[in-house]
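**Student:** One structure coming up, written as structure tokens, with questions to follow.
The values are calculated or read from the model by the stated rules, or taken from the named source; none is laboratory data. Owing to the predicted nature of the structure, the values given are computational and were not obtained by experimental measurement. Cβ atoms come from the backbone with ideal geometry, glycine included; neighbour counts cover every protein chain shown. All accessible areas refer to the heavy atoms of the entire protein, side chains included, with ligands and DNA or RNA removed. Shrake-Rupley method; radii C 1.70, N 1.55, O 1.52, S 1.80 Å.
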Amino acid sequence: MYHSRGRFLRLFPTVPAEARKQMKLMSVVAVGAAVTAAAWAGDGAQAEQPTVTVCMSRRGNPTAFRAEAIATQVFARIGVRIDWPADQDSCILSPDSIAITLSDQTPPGLYPGVLAYAAPYQGTRIVVFYDRVLNTVTRSQQSLLLGYVLAHEISHLLQGISRHSASGIMKRKWEARDYVEMRWNALRFTEYDVSLIRDGLYERRLQVSRHASTGAIAAQ
């Protein structure tokens, strides 16, 4: 079921109390900024941006909906637009789309300490252990954490390689300071991560082009 070379996101099982307190101060501001950025990203002026189609289960869930907006904001900063279609079948029809499953009731022995999983060499599927995300932080922080988990895992697929960074969003395990930076809207991709994402997007476009060309030839 899971690719043997997949990447895991490991986090502390609980966020330190002081970090939670600092994070809470910016809760309304961060979510509001995320929603604004999501709307901005959807504006016609952004049509020239590289666009990634991401389908996720439970779109009607308020926590998941706010997390989508936060992940959208993260990618908007680097000039990448995330499209979250309401029609889940679109991910099946599109060869370059990403499908995210939010999984409940994760067995304790299944990848302990891991909140999500992506297979970068396969390029299309992510599994988020949703129950673990909810149990890692207080209720007011759940959308924020999920949003950054989504951004982290989507980036693995866009980069198309198995790696983590020493700092920032693509860090293997976030620490107290990273959680505070999330709340202050300051946790970012490193420059190298941005470069890898752009290179990966270019490669994905080439693959889609090759796929379309092959299909056209076969149909003749």
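**Student:** Of all residues in the range 93-117, count the ones that are without any contact (Cβ under 8 Å) to a residue 60 or more places away in the chain, more than 14 Å from THR53 (Cα to Cα) and touching a Lys or Arg at 6+ places or on another chain (Cβ under 8 Å).
**Tutor:** Total meeting the criteria: 3.
**Student:** Further question on the same structure: Only one of (1) outside any helix (DSSP H, G or I); (2) modelled with pLDDT under 90; (3) surrounded by 15 or more Cβ atoms within 10 Å (Cβ to Cβ) is not met by ARG58, so which one is it?
**Tutor:** Here ARG58 clears every test but (3).
**Student:** Does ALA45 satisfy being open to solvent by less than 50 Å² (accessible area, probe 1.4 Å) and modelled with pLDDT under 50?
**Tutor:** It is false that ALA45 is open to solvent by less than 50 Å² (accessible area, probe 1.4 Å) and modelled with pLDDT under 50.
**Student:** What about ASP96, is it in a loop (DSSP other than H, G, I, E, B), surrounded by 15 or more Cβ atoms within 10 Å (Cβ to Cβ) and either at pLDDT below 95 or among the hydrophobic types (A, V, I, L, M, F, W, C) (or both)? Working first, answer last.
**Tutor:** Details: in a loop (DSSP other than H, G, I, E, B): yes; surrounded by 15 or more Cβ atoms within 10 Å (Cβ to Cβ): yes; either at pLDDT below 95 or among the hydrophobic types (A, V, I, L, M, F, W, C) (or both): yes.
The answer is yes for ASP96.
**Student:** Within the range 99-116, can you find the residues that are within 17 Å of ARG163 (Cα to Cα) and open to solvent by 50 Å² or more (accessible area, probe 1.4 Å)?
**Tutor:** Correct list: empty.
**Student:** Given the criteria aliphatic (A, V, I, L, M), more than 20 Å from VAL80 (Cα to Cα) and more than 14 Å from the chain's Cα centre (by Cα), does ALA186 qualify? If you could, list the steps in order and put the result at the bottom.
**Tutor:** Numbers: aliphatic (A, V, I, L, M): yes; more than 20 Å from VAL80 (Cα to Cα): no; more than 14 Å from the chain's Cα centre (by Cα): yes.
Spelling it out, it is not the case that ALA186 is aliphatic (A, V, I, L, M), more than 20 Å from VAL80 (Cα to Cα) and more than 14 Å from the chain's Cα centre (by Cα).
**Student:** Filter the range 117-145 down to residues that are in contact with a His (Cβ under 7 Å, 6 or more places away or on another chain) and aliphatic (A, V, I, L, M) and give me whichever is nearest to GLY160 (Cα to Cα). It would help to see each step written out before you state the result.
**Tutor:** From the range 117-145, those in contact with a His (Cβ under 7 Å, 6 or more places away or on another chain) are 118-122; that's our starting set.
When the remaining residues are screened for being aliphatic (A, V, I, L, M), the result is 118-119.
On the way: ALA118: 10, ALA119: 9 Å.
Ranking the candidates gives ALA119 first.
**Student:** Kindly state which helices (runs of 4 or more DSSP H) lie completely within the range 122-204 and contain at least 2 residues that are open to solvent by 20 Å² or more (accessible area, probe 1.4 Å), within 23 Å of MET56 (Cα to Cα) and touching a residue at least 24 places away in the same chain (Cβ under 8 Å).
**Tutor:** 130-136
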